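Got a structure here, written out as structure tokens. Questions coming.
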Amino acid sequence: LGENVKTKGQYFYQVALDGNVAGKEKQALIDQFRANGTQTYSATVNVYGNKDGKPDLTNLVATKKVTININGLISKETVQKAVADNV
């Protein structure tokens, strides 16, 4: 869960993406974004209260469905090759 910096830890947020990226994290999520290219995703943002400096998952403050557009991701090697080929 992420911490809202503006409220100095009073709230924590969680973003849950739908589709074939649902439940993926870290490198697996990045790899799936790369494979998908530019795409629009639906997501649910949950905001939780704070308890002892940690998210209190029993205190759901707000929830909202959002649409997120992710532009296609390319690897560092692809960029380096494109630069080298155009020089």
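Calculate, in nm to one decimal, what Asn20 and Thr58 gain on full extension: separation in residues at 0.36 nm each, minus their alpha carbon distance.
Length gained, Asn20 through Thr58: 10.9 nm.
Taking 8 Å as the Cα distance limit and 6 or more residues as the minimum spacing, I'd like the relative contact order of the chain as a percentage.
Over the chain, the number comes to 27 percent.
Still on this structure, I have one more. Got a sec? How would Tyr13, Tyr48 order by Cβ neighbour count within 10 Å, fewest to most? Provide the component values of the computation, followed by the final result.
Numbers: Tyr13 15, Tyr48 20.
The order, fewest Cβ neighbours first, is Tyr13, Tyr48.
Further question: Compute the FRET efficiency between Asn71 and Gln10 as 1/(1 + (r/R0)^6), taking r as their Cβ-Cβ distance and R0 = 25 Å, and round to the nearest 0.05. Mind dumping the intermediate values first?
Values: r = 32 Å, r/R0 = 1.28.
The calculated FRET efficiency here is 0.20.
What is the order of Phe33, Phe12, fewest Cβ neighbours within 10 Å to most?
Phe33, Phe12
Quick note: the coordinates plus some simple rules give every number you see, no bench work behind them. Just so it is clear, the model here is predicted, and its values are computed rather than measured. Note that each Cβ is placed from the backbone with ideal geometry, even for glycine, and that neighbours are counted across all protein chains shown.
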